[in-house]
Amino acid sequence: MDNEANGWGEAQAPVLAESPLDSLSAEQVEAAFQARVADLRASGWLVEHLPRDLFTPQAVASSIPEGIQRIVRMEQEYAELEARRSRELANLARMSVAEAGKGADPAMAYRSLAAELGMAAHLSERTFQARISNAETLVQDFPRTLAALETGTIGVGHARVIVECGLPIGDPALRATYESAVIDRAVDLTPGRLRKQARLAATRLAEVSFEDRHQLAVEDRAVRLQELEDGMSEIIHTLPTVFAVPMLDRLTEQAKAIKAANPDEPRTLDQIRADLMCELVLTGQPSGCPDAPHAAGIGIRAEVSIVIPALTLLGQGQEPATIAGRGPIGMAEALKLAAQAPSLIRLLTDPVSGQVLAADTYRPSKKLRRFIRGRDRRCRCPFCTRTASHGDLDHTLAWEHGGTTTADNLALLCRGCHILKHLPGWSVKQVSPGVLEWTSPHGIVATDYPDTPITFK
């Protein structure tokens, strides 16, 4: 074979000396091959005739915008790879069950496959048991989600949220309706933001009502201890959201009061909350002594907003009540809290978009603030999931630059995102009432809308 025919160009590659390979061990053959490759490298032949990027690191981005786009493409490639792995695992599971034959225990076939995969990939059997189960669920029950993942339309985190929240929907047709609606919304949301909306959407379609599932979940409430490293432990308190949110809110307000009363307080809010929880559980309340570090937290109560859909309240709808900025809660608890509330706020929503249009209250001096909190419910930065019950009421266009204190120039931001908004290169404008357009220092634009229920076509 001539040089052109063999595809190597004008210079002929050095030929390995003929050797009785069948008389050598595998180790000896490998050693001889590696020695020959080393000779080729030393002579410069490999570098001259093979692609350069086989021997040098791939070039990195030359600018930040280019680097951002490359990372976005990598995320899409990762999503595609995850979809391919899910298909492969589901297919392996199917073949393993078929190979085991009729009468065999499918669970043992799955376990055998997981063990083999674990041995081959140097991972645990349990890791692959979970991966196989997740892959089969995705491939068999959520084909639209798999397709969107495969094309990079959504990310791995989005797919995980869609599957987890959609599991209560047993009917394939209803699940397909849920998938289509949630995937459309997922394109513009982070997985954390999507979870709250997907959970509500699934609740509306599940055959078993949210109230029935909530009551079953309430029966599983518990307190557990999980030991950690370095002499630490976690207390895991599983309880209804309607109690968990105000508990954390009260601890936060107490911690802020303690920080305000003690300017030299070295502890963070997280540390103070942890210390307060110990005192509240072990002694009933923070110490009442004026010199005690937690004295400033006494008497502070939680403040939360409960949203009850009007049709549900009238018995004509199934959409659950929610805690503003959080997930659904039991209707019984919501009605009980509403009955005990010192005042009620009426939120009027757009019948098509679901966005809050106006708020009414018996305290007109706080009407605008209550309206913005009712409309936004969370920090309005596109990637942030923090509830904004204690966030800053920010002028989108600063007051000193001619901004007005009106609903179309106000939005809730958590303190961290409020600071981010004022960093060099960042800009935010309210393109329409309640719709914020954020632009990053390198030209990335994201539009954030107030959360509204996912609708089904």
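Structure data summary
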item: Where only C-alpha atoms are counted, convex hull volume of segment 136-269 per residue in Å³; result: 180
item: √(5λ) per eigenvalue of the Cα gyration tensor, segment 82-159, largest first, Å; result: 24, 15, 9
item: Sites ILE444 and GLU77, calculated FRET efficiency, Cβ-Cβ separation with R0 22 Å, nearest 0.05; result: 0.70
item: Computed over segment 84-148: relative contact order in percent, which uses C-alpha pairs under 8 Å that are six or more apart; result: 39
item: Debye intensity ratio in log₁₀ form over the Cα atoms of segment 70-124, taken at each q of 0.17, 0.19, 0.22 Å⁻¹; result: -0.64, -0.73, -0.85
item: Qualifying GluC sites (Glu not before Pro) for segment 160-247 [loop in DSSP, other Cβ within 10 Å: at most 13]; result: GLU207, GLU229
item: Sequence-distant residues sharing a close amide H with ALA411 (under 5 Å, placed H); result: ASP394, THR396
item: Vicinal HN-Hα couplings computed from phi for segment 192-205 (Karplus, 6.51 cos²θ - 1.76 cosθ + 1.60; Hz; Gly/Pro x); result: x, 5, 5, 4, 4, 6, 5, 4, 5, 5, 5, 4, 6, 10
item: Ranked order, MET247, MET331 - accessible area, probe 1.4 Å, largest first; result: MET247, MET331
item: Selection from PRO266, LEU239, GLN254 lying farthest towards where the dipole of segment 221-288 points positive, charges on Cβ; result: LEU239
item: Cut-off under 5 Å, modelled amide H: who pairs with SER427 long-range; result: THR439
item: Cα-based Kirkwood hydrodynamic radius, segment 415-457, one decimal, Å; result: 11.8
item: Segment 136-195 pair-distance distribution - Cα-Cα, 10 Å bins, rounded %; result: 25, 62, 13
item: Entries of LYS196/LYS421; LYS256/LYS429; LYS429/LYS457; LYS259/LYS421; LYS196/LYS457 with Cα pairs more than 27 Å apart; result: LYS256/LYS429; LYS429/LYS457
item: Total charge dipole magnitude, segment 381-436, about the Cα centre, Cβ charges on Lys, Arg, Asp, Glu only, Debye to nearest 20; result: 180
item: Contour excess over end-to-end distance, with Cα ends at ALA121 and THR283 and 0.36 nm allotted per residue; result: 53.2 nm
item: Estimated inter-spin distance, ALA35 and ALA332, nm [label 7 Å along Cα→Cβ]; result: 8.2
item: Of all accessible heavy-atom area on segment 179-264, the percent that carbon and sulfur account for (1.4 Å); result: 53
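The values are calculated or read from the model by the stated rules, or taken from the named source; none is laboratory data. Predicted model, so just to flag it, every value in this text is computed and none were measured. With ideal geometry, Cβ positions are generated from the backbone for all residues, glycine too; neighbour counts draw on all protein chains shown. Each accessible area value is taken on the protein alone, full model and side chains, heavy atoms only, with ligands, DNA and RNA left out. Shrake-Rupley method; radii C 1.70, N 1.55, O 1.52, S 1.80 Å.
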